[in-house]
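Okay, so here's the structure we're looking at.
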Amino acid sequence: CDGLEYKYLNDTLIEIHISGENYKHKSYGYDFETIYDYYVISQDGKAKQAESNRKFSFTKFADIDPSYFEGCFGKFTGEDGEEYGVELLQTKHLTMEDLDVMRNEIFAEYGYKFKSEKWQKYFGKFDWYEAKHDNVDDQLTDRDKANLDVILSVQKKMKGKEKEFTKPSKSGYAAAG
């Protein structure tokens with residue numbers, strides 16, 4: 001699960017792909033996870049982290065493919081009766097719920113007024129979210145539209161087969177209690 005890779009997306013943007021237990025970002029709701037961070041390189045050669053309101057920032061900065069949903073994601077869960085108290089459940093892919101959040105946060109960033117109470121409550125807790133528009137299709141970038149297509153395509157393939165994608169497994173690791 002441990003790894004660090006980087007690539008230049010263009011002359012001014014670097015993508016850093018970090019996976020494993022040593023990176024405890026918790027942005028997706030995991031105790032450890034595979035994550036992508038982005039840095040903008042200024043003309044004087046200095047790097048500054050690119051900002052995004054999106055938990056899944058890669059949808060803002062990169063033209064994604066299904067590999068962005070794969071990695072190593074772990075949550076400590078439940079009492080296991082052992083000295084350390086909890087088991088670690090690892091998955092190899094983001095869940096359907098993660099992909100739902102990913103898809104809807106793209107719309108939320110543009111101020112989409114969600115009709116569902118679930119998404120109104122979810123995004124309503126963020127300072128950056130302001131429900132302003134009934135439709136934001138004309139505000140979406142070409143990247144947003146392409147990335148939404150990728151997300152929906154993967155969700156369609158996952159429907160009814162989530163465990164085949166996530167491949168949940170118990171790990172030998174345990175948290176100190």
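The values are calculated or read from the model by the stated rules, or taken from the named source; none is laboratory data. Model, not experiment: these values are computed from the prediction. Please note that ligands, DNA and RNA were not included when accessible areas were found on the heavy atoms of the full protein model with its side chains. Shrake-Rupley method; radii C 1.70, N 1.55, O 1.52, S 1.80 Å.
Per-structure values
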{"item": "List R103, R54, ordered by accessible area with a 1.4 Å probe, largest first", "result": "R103, R54"}
{"item": "Cα principal axis extents for region 111-151, largest first, Å", "result": "27, 19, 19"}
